[in-house]
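Taking it in order: structure first as structure tokens, then the write-up.
The values are calculated or read from the model by the stated rules, or taken from the named source; none is laboratory data. The shown structure was predicted, so the numbers you read here are calculated from the model rather than taken from an experiment. Virtual Cβ from ideal backbone geometry, glycine too; neighbours counted across all protein chains shown.
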Amino acid sequence: MALTGIQILKMLPKKNCGECSIPTCLAFAMKVAAGQTEIGECPYVDEEVKATIGEASAPPIRTIKLGSADKAFTIGGETCLFRHEKRFENPTGIAVLVTTAMAAVDVDGRIERFNTLRYERVGVNLKADLIAVKDSKGDAQGFCDLVGKVLAGAADAQLILMTADPAAMKTAATLCGDRKPLLFGAAADNAEAMAAVAKETGCALGVKGASVDDTVALTEKLSSAGLKDMVIDTGARTVRAALEDNVLARRAAVRSKFKPLGFPTITFPCEMTDDPLLEAMITSVLVAKYAGIVVLSDLQGDILFPLLLERLNIFTDPQRPMVVSEDIYSINGPTENSPVLITCNFSLTYFIVSGEIEGSKVPSWLLIKDTEGLSVLTAWAAGKFGADLIAQFVKKSGIEDKVKHRELIIPGYLASIKGELEEELPNWTILMGPREAGHLPAFLKEWKPAA
Ligand code: SF4
């Protein structure tokens, strides 16, 4: 049963010293109860209390960290069924599969695409996270060689080691050192031996059941043997079964506090179809519904990028609008004669406007004014995007040092502030941009600085 903030407060030293980065013990207790910080952040709590509170305030889906301490990739830690109830905590890990049955050139291609398919959006770097290395032929030496190749070729990849042979698993996990991989997997016939390897190497263990019931039996058995960090595969290999199992596991853990299913899941779209587009669609379903990790057969930009954006959207905090920093953004290599546009810092607006400017191929300066994540009209109505504030920002932004002309293009929806803005910025000519971002390319191609 989860503890309330007041129950947690009673167990704290109540020094109100702020060393946990939170000013008071009460505020700290409330955050621990809400799962927003960990009890270990208070240096004055003894181990016994830490264990009591840590266990009671742990999220229903266990938090699992893969990789080295300084570059850990976290999955699980989820506390709700629906994003709007609170937020989803840790994004689904996207993995690509390489196997000992693949030709070297195919493995190299996947490693290369893992390293190069990276995208930057709203200040966030988007990329695949893991490489799953599978022993397809029962060849321990070949498996370890492949693990070594991935370790050397993909420095920031988290690894999933896939073999049914505990001895090969131990050798490969030892090779990985502090890059602590996920060991996959413990099935009914090798669970004890795999658990021993996981304990010895300090790695999380993938548990592979043939059904939900089978998985529950395995996690119960491994939990009573003292294993804590597990990732579960219920054996589902169709999208329908995987979706049903993911929902069932999340619901049982969150609503019924059913601990044997309180672990992140690993799913295998790569084993559900041979069609890359269908695989992408299956993956998108599983990202939306509770997969801790999805394993893809390959990485291709046209498939990976939309999946990364879907993941970005689902795992952002709905209580906090996504924003971009207030700044001057240069697009398409602008010069002192390039147009200057201004808009708000709501990230969706930024995405759309910058995307249209980029697509127009017209070199441009885009001023992004901090409107606390509100969109253009909402920000204007809330008094955060008025003529006075825009003028202050334009003057202090430094744009006057970057362009020779003095023409500012404002969003078409702000027609009503044109006159006021001209008064606030007497040296500037204010131009009305189009109302819809889709009309920006044509607008920009026509624009010429006044002689
Ligand atoms: S560090 Fe501990 S004692 Fe100090 S304010 Fe935080 S919770 Fe209270």
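Restricting attention to the range 331-345, report how many residues are more than 22 Å from GLU436 (Cβ to Cβ) and in contact with a Ser or Thr (Cβ under 7 Å, 6 or more places away or on another chain).
As a first pass, look at the range 331-345 and keep what is more than 22 Å from GLU436 (Cβ to Cβ): 333-337.
Filter once more, keeping what is in contact with a Ser or Thr (Cβ under 7 Å, 6 or more places away or on another chain): 334.
Residues flagged as more than 22 Å from GLU436 (Cβ to Cβ) and in contact with a Ser or Thr (Cβ under 7 Å, 6 or more places away or on another chain) within the range 331-345 amount to 1.
Checked against (1) surrounded by fewer than 18 Cβ atoms within 10 Å (Cβ to Cβ); (2) modelled with pLDDT under 95, LYS402 meets all criteria but (2).
Name the residue, out of PRO60, PRO23, that is surrounded by 13 or more Cβ atoms within 10 Å (Cβ to Cβ) and either away from the ligand (no atom under 16 Å from the Cβ) or farther than 30 Å from ARG118 by Cβ (or both). Being surrounded by 13 or more Cβ atoms within 10 Å (Cβ to Cβ) and either away from the ligand (no atom under 16 Å from the Cβ) or farther than 30 Å from ARG118 by Cβ (or both) holds for just one of PRO60, PRO23, which is PRO60.
Looking at the range 31-48, which of its residues are within 11 Å of the ligand (Cβ to nearest atom) and buried (at least 16 other Cβ atoms within 10 Å of the Cβ)? Outline the logic, then answer.
Filtering the range 31-48 down to residues within 11 Å of the ligand (Cβ to nearest atom) leaves 31-32, 37, 39-45.
Residues satisfying the conditions are LYS31, VAL32, THR37, ILE39, CYS42, VAL45.
Just give me the residues in the range 202-249 being assigned to a helix (DSSP H, G or I), surrounded by fewer than 21 Cβ atoms within 10 Å (Cβ to Cβ) and of a type in the set (D, E, K, R), in sequence order.
Initially, the range 202-249 is screened for residues assigned to a helix (DSSP H, G or I), giving 212-224, 239-249.
Those still in the list that are surrounded by fewer than 21 Cβ atoms within 10 Å (Cβ to Cβ) too: 212-214, 216-217, 220-221, 223-224, 239-241, 243-244, 247-248.
Residues satisfying the conditions are ASP213, ASP214, GLU220, LYS221, ARG240, GLU244.
When restricted to residues that are within 9 Å of the ligand (Cβ to nearest atom) and either under 24 Å from PHE263 (Cα atoms) or of a type in the set (Lys, Arg) (or both), the range 1-20 contains 2.
Within the range 333-387, take every residue that is among the polar types (S, T, N, Q) and part of a strand (DSSP E or B) and give me the one that is nearest to ILE410 (Cα to Cα).
Applying the first criterion (among the polar types (S, T, N, Q)) to the range 333-387 yields 335, 337-338, 343, 345, 347, 349, 354, 360, 364, 371, 375, 378.
Those still in the list that are part of a strand (DSSP E or B) too: 343, 364.
Working: THR343: 7, SER364: 13 Å.
The qualifying residue nearest to ILE410 (Cα to Cα) is THR343.
Condition (residue is of a type in the set (Asp, Glu), under 30 Å from MET30 (Cβ atoms) and crowded, with 16+ Cβ neighbours inside 10 Å) applied to the range 83-98: is it met by at least one residue? Working first, answer last.
If we filter the range 83-98 for residues that are of a type in the set (Asp, Glu), which is where we start, we get 85, 89.
Right, trim to under 30 Å from MET30 (Cβ atoms) and you get 85, 89.
Still in the running and crowded, with 16+ Cβ neighbours inside 10 Å: 89.
Within the range 83-98, one or more residues are of a type in the set (Asp, Glu), under 30 Å from MET30 (Cβ atoms) and crowded, with 16+ Cβ neighbours inside 10 Å.
Of the residues making up the range 173-191, just one is more than 15 Å from GLY206 (Cβ to Cβ) and of a type in the set (Gly, Ala, Ser), namely GLY177. Can you find a residue in the range 68-80 that is under 28 Å from LEU243 (Cβ atoms), more than 20 Å from the chain's Cα centre (by Cα) and of a type in the set (D, E, K, R)? No - not one qualifying residue is present in the range 68-80.
Scan the range 295-327 for residues that are farther than 26 Å from ARG113 by Cα and either surrounded by fewer than 19 Cβ atoms within 10 Å (Cβ to Cβ) or of a type in the set (Lys, Arg) (or both) and the total you get is 8.
Going residue by residue through the range 347-369, is there one that turns out to be in contact with an Asp or Glu (Cβ under 9 Å, 6 or more places away or on another chain), surrounded by fewer than 16 Cβ atoms within 10 Å (Cβ to Cβ) and either within 24 Å of LEU309 (Cβ to Cβ) or without any contact (Cβ under 8 Å) to a residue 24 or more places away in the chain (or both)? No; the residues of the range 347-369 include none that is in contact with an Asp or Glu (Cβ under 9 Å, 6 or more places away or on another chain), surrounded by fewer than 16 Cβ atoms within 10 Å (Cβ to Cβ) and either within 24 Å of LEU309 (Cβ to Cβ) or without any contact (Cβ under 8 Å) to a residue 24 or more places away in the chain (or both).
For the range 282-301, which residues satisfy the criterion of being assigned to a helix (DSSP H, G or I) and under 23 Å from VAL133 (Cα atoms)? Walk me through how you get there before you give the answer.
Our first condition is that a residue be assigned to a helix (DSSP H, G or I); within the range 282-301, this holds for 282-288, 301.
Of everything in the range 282-301, those that are assigned to a helix (DSSP H, G or I) and under 23 Å from VAL133 (Cα atoms) turn out to be ILE282, THR283, SER284, LEU286, VAL287, GLY301.
The condition (being within 14 Å of the chain's Cα centre (by Cα) and under 17 Å from GLY206 (Cα atoms)) is satisfied by just one residue among ILE94, ILE160, ILE131: ILE94. Pairs are defined by a Cβ separation below 7 Å, a sequence spacing of at least 6 or placement on different chains, a first member in the range 92-115 that is in the same structural domain as GLN158 (by TED's automatic domain parsing), and a second member that is acidic (Asp, Glu); the pairs so defined are GLY93/ASP129; ILE94/ASP129; ALA95/ASP129; VAL96/ASP298; THR100/ASP135; THR100/ASP139; ARG110/ASP298.
This table checks each residue for (1) among the hydroxyl-bearing types (Ser, Thr, Tyr); (2) assigned to a loop (DSSP other than H, G, I, E, B).
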{"residue": "TYR413", "(1), (2)": "yes, no"}
{"residue": "ILE417", "(1), (2)": "no, no"}
{"residue": "GLU422", "(1), (2)": "no, no"}
{"residue": "ILE430", "(1), (2)": "no, no"}
{"residue": "PRO434", "(1), (2)": "no, yes"}
{"residue": "GLY438", "(1), (2)": "no, no"}
{"residue": "PRO441", "(1), (2)": "no, no"}
{"residue": "LYS445", "(1), (2)": "no, no"}
{"residue": "ALA450", "(1), (2)": "no, yes"}
